[in-house]
Amino acid sequence: MNVKPDFSKHANQAATAPAFLSVWDMHAYYGESYIVQGISFNVHEGEILALLGRNGAGKTSTLRAIARLSDPEVKRGEIWLDHQPLHNMSSYQASQAGLGLVPEDRRIIAGLTVEENLKLAQIAPPIGWSLERVYDLFPRLRERRTQEGVTLSGGEQQMLAIARALCRDIKVLLLDEPYEGLAPVIVDEIEKTLRIIKEQGITTILVEQNAVRALQLADRAVILDTGGIVFDGTAAEVLENKELREEYLAI
Ligand SMILES: Nc1ncnc2c1ncn2[C@@H]1O[C@H](COP(=O)(O)OP(=O)(O)OP(=O)(O)O)[C@@H](O)[C@H]1O
Ligand SMILES: [Mg+2]
(Lines give C-alpha, C1' and ligand atoms only; values in the text may rest on other atoms or scores of the structure.)
(Ligands and ions follow the chains in the order given, each with its own letter.)
Protein backbone atom coordinates (compact mmCIF):
# COMPACT_ATOMS: atom_id res chain seq x y z
CA MET A 1 0.00 0.00 0.00
CA ASN A 2 1.21 3.47 -0.79
CA VAL A 3 1.35 5.66 2.26
CA LYS A 4 1.39 9.40 2.28
CA PRO A 5 4.96 10.54 2.88
CA ASP A 6 5.78 12.49 6.01
CA PHE A 7 7.83 15.47 4.97
CA SER A 8 7.93 17.15 8.35
CA LYS A 9 11.67 16.51 8.36
CA HIS A 10 12.03 18.50 5.15
CA ALA A 11 13.43 21.92 5.91
CA ASN A 12 12.05 23.51 2.76
CA GLN A 13 8.61 22.04 3.05
CA ALA A 14 5.92 24.68 3.24
CA ALA A 15 3.39 24.21 6.01
CA THR A 16 0.86 22.92 3.51
CA ALA A 17 -0.09 19.57 2.04
CA PRO A 18 2.73 17.38 0.73
CA ALA A 19 3.86 18.44 -2.72
CA PHE A 20 2.84 16.67 -5.89
CA LEU A 21 6.37 15.53 -6.67
CA SER A 22 8.83 15.27 -3.81
CA VAL A 23 12.47 14.39 -3.82
CA TRP A 24 13.77 13.69 -0.35
CA ASP A 25 17.46 13.23 0.54
CA MET A 26 18.29 11.67 -2.82
CA HIS A 27 21.83 10.34 -3.29
CA ALA A 28 22.80 8.97 -6.70
CA TYR A 29 25.95 7.39 -8.14
CA TYR A 30 27.46 6.47 -11.49
CA GLY A 31 29.38 3.41 -10.34
CA GLU A 32 31.62 4.75 -7.58
CA SER A 33 31.16 8.39 -8.59
CA TYR A 34 28.99 10.15 -6.05
CA ILE A 35 27.07 12.71 -8.11
CA VAL A 36 23.74 13.68 -6.57
CA GLN A 37 24.64 14.36 -2.97
CA GLY A 38 21.51 14.31 -0.87
CA ILE A 39 19.05 16.70 -2.48
CA SER A 40 15.51 17.47 -1.35
CA PHE A 41 12.97 19.60 -3.17
CA ASN A 42 9.28 19.77 -3.94
CA VAL A 43 7.30 20.50 -7.05
CA HIS A 44 3.70 21.54 -6.71
CA GLU A 45 0.98 20.35 -9.03
CA GLY A 46 0.68 22.40 -12.22
CA GLU A 47 3.77 24.50 -11.65
CA ILE A 48 6.89 24.89 -13.77
CA LEU A 49 10.08 24.39 -11.79
CA ALA A 50 13.34 25.53 -13.37
CA LEU A 51 16.22 23.25 -12.35
CA LEU A 52 19.35 25.28 -12.98
CA GLY A 53 23.08 25.26 -12.36
CA ARG A 54 26.44 25.24 -14.07
CA ASN A 55 27.68 22.54 -16.44
CA GLY A 56 28.20 19.35 -14.51
CA ALA A 57 26.12 20.52 -11.53
CA GLY A 58 23.97 17.39 -11.72
CA LYS A 59 20.80 18.57 -13.51
CA THR A 60 20.59 15.76 -16.07
CA SER A 61 21.54 13.22 -13.40
CA THR A 62 18.70 14.49 -11.20
CA LEU A 63 16.16 14.16 -14.02
CA ARG A 64 17.42 10.67 -14.87
CA ALA A 65 17.27 9.63 -11.23
CA ILE A 66 13.68 10.88 -10.91
CA ALA A 67 12.75 9.06 -14.13
CA ARG A 68 14.29 5.92 -12.59
CA LEU A 69 16.75 5.24 -15.39
CA SER A 70 19.37 2.71 -14.35
CA ASP A 71 22.15 5.32 -14.40
CA PRO A 72 22.75 7.08 -12.05
CA GLU A 73 21.77 4.60 -9.37
CA VAL A 74 19.80 6.08 -6.49
CA LYS A 75 21.32 4.49 -3.40
CA ARG A 76 19.51 6.51 -0.78
CA GLY A 77 16.46 8.74 -0.60
CA GLU A 78 12.86 8.89 -1.63
CA ILE A 79 10.97 10.18 -4.65
CA TRP A 80 7.21 10.51 -4.47
CA LEU A 81 4.76 11.36 -7.22
CA ASP A 82 1.18 11.95 -6.19
CA HIS A 83 1.59 9.64 -3.17
CA GLN A 84 3.26 6.91 -5.21
CA PRO A 85 6.81 5.85 -4.27
CA LEU A 86 8.83 6.28 -7.45
CA HIS A 87 12.01 5.23 -5.67
CA ASN A 88 10.68 1.64 -5.65
CA MET A 89 9.86 1.69 -9.35
CA SER A 90 11.57 0.82 -12.62
CA SER A 91 11.73 3.44 -15.37
CA TYR A 92 8.84 1.69 -17.10
CA GLN A 93 6.73 1.82 -13.95
CA ALA A 94 7.64 5.48 -13.38
CA SER A 95 6.54 6.22 -16.91
CA GLN A 96 3.26 4.37 -16.26
CA ALA A 97 2.87 6.43 -13.08
CA GLY A 98 2.91 9.59 -15.18
CA LEU A 99 6.50 10.74 -15.67
CA GLY A 100 7.53 11.84 -19.15
CA LEU A 101 11.23 12.47 -19.70
CA VAL A 102 12.29 14.34 -22.84
CA PRO A 103 16.06 13.79 -22.96
CA GLU A 104 18.50 16.27 -24.39
CA ASP A 105 19.11 14.21 -27.56
CA ARG A 106 15.35 13.95 -28.22
CA ARG A 107 15.51 10.33 -29.41
CA ILE A 108 13.38 10.66 -32.51
CA ILE A 109 13.13 7.23 -34.11
CA ALA A 110 14.79 7.07 -37.53
CA GLY A 111 12.85 5.58 -40.41
CA LEU A 112 9.50 6.61 -38.93
CA THR A 113 7.32 9.55 -39.92
CA VAL A 114 6.23 12.19 -37.44
CA GLU A 115 2.89 10.45 -37.05
CA GLU A 116 4.45 7.00 -36.66
CA ASN A 117 6.72 8.37 -33.92
CA LEU A 118 3.63 9.69 -32.13
CA LYS A 119 1.58 6.54 -32.65
CA LEU A 120 4.36 4.41 -31.24
CA ALA A 121 4.20 6.43 -28.04
CA GLN A 122 0.44 6.06 -27.72
CA ILE A 123 -0.58 3.29 -25.39
CA ALA A 124 -3.48 0.99 -26.14
CA PRO A 125 -6.19 1.75 -25.33
CA PRO A 126 -5.14 5.38 -25.84
CA ILE A 127 -5.52 7.22 -22.59
CA GLY A 128 -2.98 9.90 -23.39
CA TRP A 129 -3.61 12.83 -25.71
CA SER A 130 -5.22 12.07 -29.07
CA LEU A 131 -3.24 12.86 -32.20
CA GLU A 132 -5.68 15.67 -32.98
CA ARG A 133 -5.12 17.25 -29.57
CA VAL A 134 -1.36 16.99 -30.03
CA TYR A 135 -1.57 18.46 -33.53
CA ASP A 136 -3.73 21.34 -32.24
CA LEU A 137 -0.91 22.15 -29.85
CA PHE A 138 1.79 21.72 -32.51
CA PRO A 139 0.32 22.74 -35.91
CA ARG A 140 3.80 22.41 -37.44
CA LEU A 141 3.71 18.69 -36.67
CA ARG A 142 0.32 18.33 -38.32
CA GLU A 143 1.73 19.92 -41.48
CA ARG A 144 4.65 17.50 -41.38
CA ARG A 145 2.88 14.35 -40.21
CA THR A 146 4.13 12.26 -43.16
CA GLN A 147 7.71 13.58 -43.06
CA GLU A 148 10.39 11.38 -41.54
CA GLY A 149 10.90 12.52 -37.94
CA VAL A 150 14.68 12.76 -38.08
CA THR A 151 14.53 15.12 -41.08
CA LEU A 152 12.67 17.76 -39.04
CA SER A 153 14.47 20.94 -38.01
CA GLY A 154 15.90 21.02 -34.48
CA GLY A 155 12.94 22.99 -33.16
CA GLU A 156 10.44 20.69 -34.82
CA GLN A 157 12.24 17.66 -33.40
CA GLN A 158 11.99 19.19 -29.94
CA MET A 159 8.25 19.70 -30.52
CA LEU A 160 7.93 16.08 -31.62
CA ALA A 161 9.79 14.89 -28.54
CA ILE A 162 7.44 16.86 -26.27
CA ALA A 163 4.40 15.78 -28.29
CA ARG A 164 5.45 12.17 -27.94
CA ALA A 165 5.56 12.49 -24.16
CA LEU A 166 2.04 13.94 -24.22
CA CYS A 167 0.77 10.94 -26.19
CA ARG A 168 1.12 9.02 -22.95
CA ASP A 169 -0.94 10.04 -19.95
CA ILE A 170 1.72 12.10 -18.23
CA LYS A 171 1.38 14.14 -15.07
CA VAL A 172 4.94 15.46 -15.00
CA LEU A 173 7.07 16.54 -17.93
CA LEU A 174 10.84 16.41 -17.37
CA LEU A 175 12.58 18.54 -19.99
CA ASP A 176 16.35 18.48 -20.43
CA GLU A 177 17.54 21.60 -22.27
CA PRO A 178 14.65 21.93 -24.71
CA TYR A 179 15.94 25.27 -26.03
CA GLU A 180 19.43 24.02 -26.84
CA GLY A 181 20.62 25.08 -30.27
CA LEU A 182 17.34 26.75 -31.21
CA ALA A 183 16.80 30.24 -32.61
CA PRO A 184 15.04 32.70 -30.25
CA VAL A 185 11.90 32.70 -32.42
CA ILE A 186 11.61 28.91 -32.09
CA VAL A 187 12.27 29.16 -28.35
CA ASP A 188 9.33 31.60 -28.24
CA GLU A 189 7.16 29.03 -29.94
CA ILE A 190 8.16 26.21 -27.58
CA GLU A 191 7.74 28.49 -24.58
CA LYS A 192 4.21 29.32 -25.70
CA THR A 193 3.47 25.61 -25.93
CA LEU A 194 4.87 24.98 -22.46
CA ARG A 195 2.49 27.63 -21.10
CA ILE A 196 -0.45 25.84 -22.73
CA ILE A 197 0.75 22.50 -21.33
CA LYS A 198 0.85 24.13 -17.89
CA GLU A 199 -2.72 25.39 -18.38
CA GLN A 200 -3.73 21.78 -19.01
CA GLY A 201 -2.59 20.99 -15.46
CA ILE A 202 0.68 19.24 -16.29
CA THR A 203 3.61 19.83 -13.94
CA THR A 204 7.00 20.56 -15.53
CA ILE A 205 10.63 20.41 -14.43
CA LEU A 206 12.62 22.47 -16.90
CA VAL A 207 16.39 22.06 -17.05
CA GLU A 208 17.91 24.84 -19.12
CA GLN A 209 21.27 26.50 -19.76
CA ASN A 210 19.29 29.50 -20.95
CA ALA A 211 18.51 30.43 -17.36
CA VAL A 212 16.92 33.79 -18.11
CA ARG A 213 14.39 32.27 -20.48
CA ALA A 214 13.70 29.43 -18.06
CA LEU A 215 13.19 31.82 -15.14
CA GLN A 216 10.82 33.99 -17.14
CA LEU A 217 8.62 30.96 -17.67
CA ALA A 218 9.03 29.17 -14.34
CA ASP A 219 7.12 29.68 -11.11
CA ARG A 220 9.96 28.45 -8.93
CA ALA A 221 13.60 27.53 -9.26
CA VAL A 222 16.04 25.12 -7.70
CA ILE A 223 19.73 25.76 -8.28
CA LEU A 224 22.20 22.89 -8.08
CA ASP A 225 25.92 23.11 -7.55
CA THR A 226 28.23 20.08 -7.41
CA GLY A 227 25.37 17.75 -6.66
CA GLY A 228 23.78 19.80 -3.89
CA ILE A 229 21.05 22.42 -3.72
CA VAL A 230 22.21 26.00 -3.19
CA PHE A 231 18.89 27.74 -3.76
CA ASP A 232 15.20 26.83 -3.60
CA GLY A 233 12.71 29.65 -4.07
CA THR A 234 10.71 31.62 -6.58
CA ALA A 235 11.93 32.37 -10.09
CA ALA A 236 11.46 36.07 -9.36
CA GLU A 237 13.84 35.86 -6.38
CA VAL A 238 16.58 34.47 -8.63
CA LEU A 239 16.04 37.14 -11.26
CA GLU A 240 16.31 39.81 -8.56
CA ASN A 241 19.39 38.31 -6.88
CA LYS A 242 22.49 39.48 -8.75
CA GLU A 243 24.93 37.52 -6.57
CA LEU A 244 23.10 34.27 -7.05
CA ARG A 245 22.83 34.81 -10.78
CA GLU A 246 26.49 35.66 -11.16
CA GLU A 247 27.81 32.93 -8.93
CA TYR A 248 25.76 29.96 -10.11
CA LEU A 249 24.22 30.89 -13.43
CA ALA A 250 26.76 33.27 -14.96
CA ILE A 251 23.98 35.67 -16.02
N1 LIG B 1 27.50 8.20 -17.15
C2 LIG B 1 28.28 8.88 -16.30
N3 LIG B 1 29.30 8.28 -15.66
C4 LIG B 1 30.08 8.97 -14.80
N5 LIG B 1 29.92 10.26 -14.48
C6 LIG B 1 28.93 10.91 -15.10
C7 LIG B 1 28.05 10.26 -16.04
N8 LIG B 1 27.17 11.17 -16.48
C9 LIG B 1 27.46 12.32 -15.86
N10 LIG B 1 28.51 12.16 -15.02
C11 LIG B 1 29.11 13.20 -14.18
O12 LIG B 1 28.12 13.64 -13.28
C13 LIG B 1 28.24 15.04 -13.05
C14 LIG B 1 26.90 15.70 -13.30
O15 LIG B 1 26.56 15.55 -14.66
P16 LIG B 1 25.18 16.02 -15.26
O17 LIG B 1 25.15 15.55 -16.67
O18 LIG B 1 24.09 15.58 -14.37
O19 LIG B 1 25.33 17.59 -15.19
P20 LIG B 1 24.44 18.74 -15.82
O21 LIG B 1 24.13 19.68 -14.72
O22 LIG B 1 23.30 18.14 -16.56
O23 LIG B 1 25.47 19.44 -16.80
P24 LIG B 1 25.26 20.14 -18.24
O25 LIG B 1 24.74 21.50 -17.97
O26 LIG B 1 26.62 20.17 -18.82
O27 LIG B 1 24.30 19.30 -19.03
C28 LIG B 1 29.35 15.51 -13.96
O29 LIG B 1 30.51 15.65 -13.21
C30 LIG B 1 29.49 14.41 -14.97
O31 LIG B 1 30.82 14.30 -15.45
MG1 LIG C 1 22.80 18.10 -18.55
- Item | Every residue from segment 184-198 that is closer than 13 Å to L173 by Cα and either touching a Gly at 6+ places or on another chain (Cβ under 9 Å) or open to solvent by 60 Å² or more (accessible area, probe 1.4 Å) (or both) | R195, K198
- Can you name every residue in segment 30-59 that is of a type in the set (S, T, N, Q) and either assigned to a loop (DSSP other than H, G, I, E, B) or open to solvent by 50 Å² or more (accessible area, probe 1.4 Å) (or both)? S33, Q37, N55
- Output the residue which, of all residues in segment 71-124 that are assigned to a helix (DSSP H, G or I) and surrounded by fewer than 17 Cβ atoms within 10 Å (Cβ to Cβ), is farthest from the chain's Cα centre (by Cα). E116
- Note on the structure: The residue that is nearest to K192 (Cα to Cα), considering only those in segment 143-166 that are in contact with a strand residue (DSSP E or B) (Cβ under 7 Å, 6 or more places away or on another chain) and in a helix (DSSP H, G or I), is I162
- Item | In segment 160-181, the residues that are over 16 Å from L63 (Cβ atoms) and within 16 Å of ligand 1 (Cβ to nearest atom) | G181
- Message: Anything in segment 1-29 that is surrounded by 15 or more Cβ atoms within 10 Å (Cβ to Cβ) and at pLDDT below 95? List them, or say none.
- Response: P5, F7, H10, Q13, P18, A19
- Note on the structure: Within segment 87-137, the count of residues that are hydroxyl-bearing (S, T, Y) and either over 24 Å from R68 (Cβ atoms) or within 16 Å of ligand 1 (Cβ to nearest atom) (or both) comes to 4
- Query: Out of R213, R140, which single residue is touching a Phe, Trp or Tyr at 6+ places or on another chain (Cβ under 8 Å) and part of a helix (DSSP H, G or I)?
  - Reply: R213
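The values are calculated or read from the model by the stated rules, or taken from the named source; none is laboratory data. Just so it is clear, the structure is predicted and the values come from calculations on it, not from any experiment. Cβ: placed from backbone, ideal geometry, glycine included. Neighbour counts: every protein chain shown. Accessible surface areas use protein heavy atoms only, side chains included; no ligands, DNA or RNA. Shrake-Rupley method; radii C 1.70, N 1.55, O 1.52, S 1.80 Å.
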